[in-house]
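Encoded as structure tokens, the structure appears first; notes follow it.
The values are calculated or read from the model by the stated rules, or taken from the named source; none is laboratory data. Quick caveat: nothing in here was measured; it's all calculated off a predicted structure. Neighbour counts are summed over all protein chains in view; Cβ atoms, including those assigned to glycine, are modelled from backbone coordinates with ideal geometry.
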């Protein structure tokens with residue numbers, strides 16, 4: 001068996017990321033949320049666009065205070081609101097009422113907040129001498145025109161949308177979304193759309209829906225090809241169709257060592273290069289890693305939680321790299337958290353125990369499934385409802401007592 005780290009390295013080494021010249025499209029900024037940026041955004045403007053006030057108060061020249069016997073300034077008649085034009089240059093010993101976002105008048109370099117002043121007729125009494133440059137946002141302080149505003153490979157979120165809009169950029173170049181084909185295998189599977197009652201031994205093909213949802217959440221396009229019986233000819237036909245239309249293929253079931261586990265043999269027959277068949281992980285030990293040229297193929301276990309753990313731990317990062325995302329998106333996010341209950345493992349494989357992560361007074365707390373003795377079955381998808389984190393017990397780590405820290409993978 002491959003170790004988890006070995007499997008992750010093999011997978012990421014196999015991924016050939018999209019080329020921005022070929023695998024990209026231009027979208028209106030309003031449609032670019034959660035897409036991967038395919039080229040740097042260069043700011044055409046300084047941020048801020050001009051010197052402006054960060055506070056409601058009074059603008060003045062700091063050097064004027066040096067010549068004053070007391071901290072008192074004459075108040076100019078004009079006020080400056082955000083968006084207002086400044087038509088007056090401050091005279092020596094003069095200040096001007098200004099509001100947050102207002103453009104500093106010529107001659108001013110400092111703003112004192114209104115709470116630190118007292119107005120006496122046409123004069124302003126300063127209660128204390130502020131530092132020079134206080135509450136002033138200088139032109140270009142955040143970024144200069146011509147500098148990189150947002151880097152290629154970043155997933156565009158709300159803050160990126162706002163920053164790009166501020167730079168008056170109406171369109172962005174993004175990578176196309178990877179196309180991921182899903183094949184479910186097994187004689188026992190029945191489509192959700194079937195109107196027939198379940199027969200003895202049959203189950204609904206839930207993997208097709210769970211994996212489609214995970215693929216969509218990962219920013220890719222799911223191509224569900226349905227359930228295929230354990231029939232060599234039918235499986236060969238569907239796999240051939242999948243690799244012809246997708247960037248990456250996931251099949252569930254048929255990758256263990258049973259008499260009806262045909263996937264690995266078919267892949268070899270079709271010319272795939274197989275790089276691994278099992279990983280020292282629980283759940284998710286059966287994991288076929290293969291490729292047909294640039295098209296990656298993952299054969300995951302049919303048990304629903306196994307399939308989801310394989311996706312979270314390995315496939316999600318492959319999709320991110322394939323789709324042009326930078327390296328920060330290629331690996332799961334791990335944190336340390338305190339477990340509310342004892343955690344147990346046989347220690348022979350890296351073991352993943354699903355549960356819920358919450359925060360108490362800012363401290364991360366991991367709560368495993370309510371009944372660990374019966375809940376941690378890879379066939380028990382019901383136990384995974386509400387899962388947002390998975391405790392990771394390393395090889396040879398057999399016990400973590402309640403209240404101790406454990407490594408947790410965010411999902």
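In the range 35-56 there is at least one residue matching the filter, namely being without any contact (Cβ under 8 Å) to a residue 60 or more places away in the chain and in contact with a strand residue (DSSP E or B) (Cβ under 8 Å, 6 or more places away or on another chain).
If you go through the range 216-253 and keep only what is more than 23 Å from residue 293 (Cβ to Cβ) and free of Cβ contacts under 8 Å to residues at least 12 places away in the same chain, you end up with 216, 217, 231, 233, 234. Selection of the range 264-286 for residues being in a strand (DSSP E or B) and without any contact (Cβ under 8 Å) to a residue 60 or more places away in the chain yields 273, 274, 277, 286.
Candidates in the range 292-332 are the residues that are under 20 Å from residue 212 (Cα atoms) and over 24 Å from the mean Cα position of the chain (by Cα); of these, the one that is surrounded by the fewest Cβ atoms within 10 Å (Cβ to Cβ) is 303. With 378, 383 as the choices, which residue is in contact with a helix residue (DSSP H, G or I) (Cβ under 9 Å, 6 or more places away or on another chain), at pLDDT below 95 and closer than 21 Å to residue 3 by Cα? Being in contact with a helix residue (DSSP H, G or I) (Cβ under 9 Å, 6 or more places away or on another chain), at pLDDT below 95 and closer than 21 Å to residue 3 by Cα holds for just one of 378, 383, which is 378. Working only within the range 1-29, note down all residues that are more than 20 Å from residue 331 (Cβ to Cβ) and in contact (Cβ under 8 Å) with a residue 60 or more places away in the chain. Within the range 1-29, 1, 20, 23, 24, 25, 26, 27, 28, 29 qualify. Mind telling me which of the residues 289, 335, 365 ends up being touching a strand residue (DSSP E or B) at 6+ places or on another chain (Cβ under 6 Å), surrounded by fewer than 16 Cβ atoms within 10 Å (Cβ to Cβ) and not in a helix (DSSP H, G or I)? It is 335.
Restricting 220, 167 to residues that are within 30 Å of residue 44 (Cα to Cα) and touching a strand residue (DSSP E or B) at 6+ places or on another chain (Cβ under 7 Å) narrows the list to 167.
In the range 106-116, the residue that is nearest to residue 60 (Cα to Cα) out of those that are modelled with pLDDT of 95 or more and assigned to a loop (DSSP other than H, G, I, E, B) is 108. Exactly one residue out of 407, 357, 353 is surrounded by fewer than 19 Cβ atoms within 10 Å (Cβ to Cβ) and either in contact with a helix residue (DSSP H, G or I) (Cβ under 6 Å, 6 or more places away or on another chain) or within 20 Å of residue 313 (Cα to Cα) (or both), and it is 407.
Residue-wise test of (1) in a strand (DSSP E or B); (2) under 28 Å from the mean Cα position of the chain (by Cα); (3) not assigned by TED's automatic domain parsing to the domain that holds residue 298.
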| position | (1), (2), (3) |
| --- | --- |
| 10 | no, yes, no |
| 70 | no, no, yes |
| 79 | yes, no, yes |
| 85 | no, no, yes |
| 90 | no, no, yes |
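Using the structure shown, decide if residue 189 is over 23 Å from the mean Cα position of the chain (by Cα), in the same structural domain as residue 245 (by TED's automatic domain parsing), more than 20 Å from residue 295 (Cβ to Cβ) and crowded, with 18+ Cβ neighbours inside 10 Å. Yes, satisfied.
Scanning the range 117-127 turns up no residue that is surrounded by fewer than 17 Cβ atoms within 10 Å (Cβ to Cβ), outside any helix (DSSP H, G or I) and under 43 Å from the mean Cα position of the chain (by Cα).
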